[in-house]
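Each remark here refers to the structure printed beneath this line.
The values are calculated or read from the model by the stated rules, or taken from the named source; none is laboratory data. None of the values given here were measured: they were computed from a predicted structure. When we count neighbours, we look across all protein chains shown, and the Cβ atoms used for this are built from the backbone with ideal geometry, even at glycine. Just so you know, the surface numbers come from the protein's heavy atoms only, side chains and all, with ligands and any DNA or RNA stripped out. Shrake-Rupley method; radii C 1.70, N 1.55, O 1.52, S 1.80 Å.
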Amino acid sequence: MEPEVDEKRDSLIRSNSIIFIMIIALVFGAVFVTHSTSAGKSRIKNVRGSTHRFVPQHLEKNNNEGTEKIKEDRASVTTVKPEVAKKVTADQSCQQACKAGNEDFQPKANGVLPKHLMLFVESYAFHGTTAVQQALMSNPDVSTLCKGKSWQCEGWKIDDVVKSPKNGPISSRGEKKKLLKKNKIDKASSASITRAFSKWSKYWNLSEPVLLEKTPSQVYIIEEMYNVIKKREFPKIYGDLIPVYIFVWRPFCLYRLSSHTRALAKDKGDAFAVNKELSILKLLLESAMKMRENQAPVLIVNYAELIWKPEVAEKRLHKFFECLPKGFNMSFVPHMGRDAFKSNKWKPKGSVQGFGEKKHPDNFGFSLADMVCEKNSSAGFTKELRDELHRVETLLEIHSRTCS
């Protein structure tokens, strides 16, 4: 009997030992998993909170995912002027132009409205202002300066608007071009701006609620022009003028759409062209934020949206100008002799939408899904320059989604 008892006792001990080992293994396993999970969460938290990591921007179609992505981008962007980035992300609501004018545009007995929306289309030369103007021209309630018969209907290029330093009429096309350069036009006095408004009144249809002016060079005197309007230093025939702004920016990888930028890169090198484009984007961003700070309605438009997402651009313009019920049409083509004139030397051939249909975004390295350049590659790029360009473009694109 004793051998049998011993055998049972040994079997019981072995079973208890196995159970004990399994319990120990389970306990250690649980501790390891808990530790790993905590460490993983800590690493995720550290990565998300890092100010040194640059997060590429992706604009997901899903609204919830897109909102989360915008938050990540805002946290990671550190542009050259932090106060500008703060202004961009502080208020993303749609500042509707019509509400600034209280949506009341009832004509007087003589047909002249008691107030107008003074619409400035702002950008740099050959960066999309004419495309925006053509889209705006599709609405009959928008009056242009084309009757002034200047190049591309630009107000500051009307012959009797620009004066020489001696305050006489300009003597040549060369003198006019010189006066319109940055180092000249940015010294425009309030008196010269008031004179311009006086001359422009002959060419705008003052029975229309929106008066459009789009000379690219005037972005350099945007504050001076704003102050002239706010101080009411313009002819009384206008009634009230409410300044509103559309800023159009072009992603860097689309520079090949412009023969002027291609020529600049060929003539002065890639490094010069890259720095030039970056300085333009910064100027537009800072100017737009300054006008928003002044409580003026501002709409920022990505040039790629105009040509490749025309229905989205139409919707945003209509929301910005809700008091213009006829909306906007990206397939609009100006009628010569009525909308534009031979002396305007109108550049576009066909519509804005038609231009986009002839150019495929993939050929320029542009992502329609994300609305950003997939890759900015150039001999003029350094890592720092590429990151800075992406940061500024990210801020502009974030702001380009208002009124959508």
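Residues of the range 189-215 that are in a loop (DSSP other than H, G, I, E, B) and open to solvent by 10 Å² or more (accessible area, probe 1.4 Å): Ser189, Ser201, Lys202, Tyr203, Trp204, Asn205, Leu206, Ser207, Glu208, Pro209. Against the conditions (1) open to solvent by less than 10 Å² (accessible area, probe 1.4 Å); (2) touching a residue at least 40 places away in the same chain (Cβ under 8 Å), Asn294 satisfies every one except (1).
Considering each residue of the range 232-247, count those that are in contact (Cβ under 8 Å) with a residue 60 or more places away in the chain, over 23 Å from Cys94 (Cα atoms) and not in a loop (DSSP other than H, G, I, E, B), and give that number.
Initially, the range 232-247 is screened for residues in contact (Cβ under 8 Å) with a residue 60 or more places away in the chain, giving 237-247.
From what's left, over 23 Å from Cys94 (Cα atoms): 237-239.
Restricting the remaining residues to those that are not in a loop (DSSP other than H, G, I, E, B) gives 237-238.
Selection size over the range 232-247: 2.
Among the residues of the range 252-261, is there at least one that is under 21 Å from the mean Cα position of the chain (by Cα), open to solvent by 30 Å² or more (accessible area, probe 1.4 Å) and among the aromatic types (Phe, Trp, Tyr)? Yes, the range 252-261 contains a residue that is under 21 Å from the mean Cα position of the chain (by Cα), open to solvent by 30 Å² or more (accessible area, probe 1.4 Å) and among the aromatic types (Phe, Trp, Tyr). Selection of first residues in the range 188-214 that are over 18 Å from Lys231 (Cβ atoms) and of second residues that are basic (Lys, Arg) and outside any helix (DSSP H, G or I), restricted to Cβ pairs under 9 Å at least 6 apart or on distinct chains, gives the following pairs, ordered by first then second residue: Tyr203/Lys149; Pro209/Lys115. Under the condition of being more than 19 Å from the chain's Cα centre (by Cα) and among the basic types (Lys, Arg), which residue from the range 79-138 is modelled with the highest pLDDT? The selected residue is Lys115. Among the residues of the range 350-362, the ones that are open to solvent by 70 Å² or more (accessible area, probe 1.4 Å) and out of contact with any helix residue (DSSP H, G or I) (no Cβ under 8 Å at 6 or more places or on another chain) come to 4 in all. Would you pick out the residues in the range 299-329 that are open to solvent by 10 Å² or more (accessible area, probe 1.4 Å) and farther than 28 Å from Lys115 by Cβ? Tyr303, Glu305, Trp308, Lys309, Pro310, Glu311, Val312, listed by residue number. Out of all the residues in the range 216-231, is one or more open to solvent by 70 Å² or more (accessible area, probe 1.4 Å), touching a residue at least 24 places away in the same chain (Cβ under 8 Å), more than 26 Å from Gly148 (Cβ to Cβ) and touching a helix residue (DSSP H, G or I) at 6+ places or on another chain (Cβ under 9 Å)? No, the range 216-231 contains no residue that is open to solvent by 70 Å² or more (accessible area, probe 1.4 Å), touching a residue at least 24 places away in the same chain (Cβ under 8 Å), more than 26 Å from Gly148 (Cβ to Cβ) and touching a helix residue (DSSP H, G or I) at 6+ places or on another chain (Cβ under 9 Å). Against the list (1) open to solvent by 60 Å² or more (accessible area, probe 1.4 Å); (2) modelled with pLDDT of 90 or more; (3) over 22 Å from Cys98 (Cα atoms), the condition Phe332 fails is (1). In the set (1) part of a helix (DSSP H, G or I); (2) open to solvent by less than 60 Å² (accessible area, probe 1.4 Å); (3) out of contact with any Pro (no Cβ under 7 Å at 6 or more places or on another chain); (4) not polar (S, T, N, Q), Arg386 fails one condition alone, (2).
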